[in-house]
Amino acid sequence: MQATRSIRLPRKLSVCRLIHNHHILRSSDPAGRTTSFGFRTVPEESKESLVKGVFDSVASKYDLMNDASSLGVHRLWKDSFVDTLKPGRKGPLRCIDVAGGTGDIALRILDHARENYADRETTVDIVDINAQMLKEGFMRFKKTMYHNTPQVSFHEANAQELTASQFKNDSYDLYTIAFGIRNCTSIPAVLSEAYRVLKPGATFACLEFSKVNNPLLSTLYDQYSFTVIPLLGTILAGDRNSYQYLVESIRKFPSQPDFAQMIRDAGFSTGGDFDGGAWTELWGGIASIHTGVKI
């Protein structure tokens, strides 16, 4: 699979590509390096196709399953994520939303800018590695005022190796990625690309599942995740294995301090290593918002 390619969509809107909630680097390393796919250890070069299979399978029911498995709470988290960023407050922004195939973060960004600041000039490039997820997002935007306008575009590309001719250095004011970076083969590679495409002084923002530090809440959350969510995957989507992977991938993601350090290692400036500093915890750390500024 090529790192970036274009596919035709109706009404002259091109979709070009990348993977919410979902991104991965194809490895050319011959040294037999491995990575995690949920709780499994797999060759690095295999992970992209494995994750693609997961999101091909869940794309049409992705929003429904998110609602069922989180009791709708994921919508509140996404609202908080965008509200924290306040797009449009300081004028129009050029945004890139990575792993944003279904379009829910991009739509929130554009609505926030329009409703709060009368901003109809902010734009969002939606990037996902999975064409099926992008098609879901395209259909969502067809129902909105932003369809077939310069405010939104769709791109199928790999978050770890964005094509420099299309995603230029120092070109974006805001980079968002929600519930996607944990699916990448190389998180540092994603962060490096984020740093490259952002302008100096621009913001990197990531919403992702995190580590729950309260022992009681952690136990309850684990029981719910490993029993209810895969069962709902079977009932609502006919796919237990994909949702089992999604639960396992959450547990393999770095802790809040470790991920904050990875963001700094990529060159970003962050707050201190505490809740309310480098990250903001949501619902006891079930999810967290991480931000960094390109310096």
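Roughly speaking, to the nearest percent, how much of region 129-270's 1.4 Å accessible area is carbon and sulfur? About 56 percent, which is the carbon plus sulfur part of the accessible surface.
Placing +1 on the Cβ of every Lys and Arg and -1 on the Cβ of every Asp and Glu, with no other charges, gives the chain a dipole of roughly 740 debye about its Cα centre. Restricted to Cα atoms, region 149-219 shows a radius of gyration and a Dmax of 15.0, 49 angstrom. Rounded to two decimals, the Cα radius of gyration of the chain over 2.2 N^0.38 Å is 0.93.
Computed from the C-beta positions of Ser153 and Glu115, the FRET efficiency with R₀ = 30 Å rounds to 0.90.
Quick check on region 52-206: take the gyration tensor over C-alpha atoms, sort the square-rooted eigenvalues as a ≥ b ≥ c, and tell me if it's rounded (a/c under 1.5), prolate or oblate. The shape class here is rounded. For Ser210, enumerate residues with amide H under 5 Å from its amide H, sequence gap 5+ or separate chain, H modeled in the peptide plane. Long-range HN contacts for Ser210: Ala287, Ser288. Each other residue within a Cβ distance under 10 Å of Ala287 adds +1 if Lys or Arg and -1 if Asp or Glu, for a net charge of -1.
Given a cut-off of 32 Å, name the pairs among Lys168/Lys211; Lys143/Lys294; Lys52/Lys199 whose C-alpha atoms lie farther apart than that in the structure shown.
From the list (Lys168/Lys211; Lys143/Lys294; Lys52/Lys199), the Cα-Cα distance tops 32 Å for Lys168/Lys211; Lys143/Lys294.
The Stokes-Einstein estimate for region 188-244, based on a Kirkwood radius over Cα pairs and taken at 37 °C with 0.692 mPa s viscosity, is a diffusion coefficient of 227 µm²/s. Residues whose amide H lies under 5 Å from that of Val124, counting only those 5 or more places away or on a different chain, are Cys95, Val152, Ser153; hydrogens are built 1.01 Å from N in the peptide plane. Hydrodynamic analysis of region 109-171 uses the Kirkwood radius over alpha carbon pairs. Inserted into Stokes-Einstein at 20 °C and 1.002 mPa s, it gives a translational diffusion coefficient of 165 µm²/s.
Rounded if a/c is under 1.5, else prolate if a/b is larger than b/c, else oblate: which is region 120-274, with a ≥ b ≥ c the root eigenvalues of its Cα gyration tensor? Verdict is oblate for region 120-274. The Cα-based radius of gyration and maximum Cα-Cα distance (Dmax) for region 210-295 are 15.4, 47 Å. What whole-number distance in Å separates the alpha-carbon centres of region 190-218 and region 73-109? If you average the Cα positions of each part, the centres end up 14 Å apart. Here the label points at Lys142 and Thr219, each 7 Å from Cα along the C-beta direction, are separated by 5.0 nm in the simple model.
Per residue, the chain exposes 42 Å² of accessible surface when a 1.4 Å probe is rolled over the protein heavy atoms with every protein chain present.
The values are calculated or read from the model by the stated rules, or taken from the named source; none is laboratory data. From a predicted model like this one, the values you see are computed outputs, not experimental measurements. Reconstructed Cβ throughout: ideal geometry from the backbone, glycine too, with neighbour counts over all protein chains shown. The area values use the complete protein model at the heavy-atom level, side chains included, leaving out ligands, DNA and RNA. Shrake-Rupley method; radii C 1.70, N 1.55, O 1.52, S 1.80 Å.
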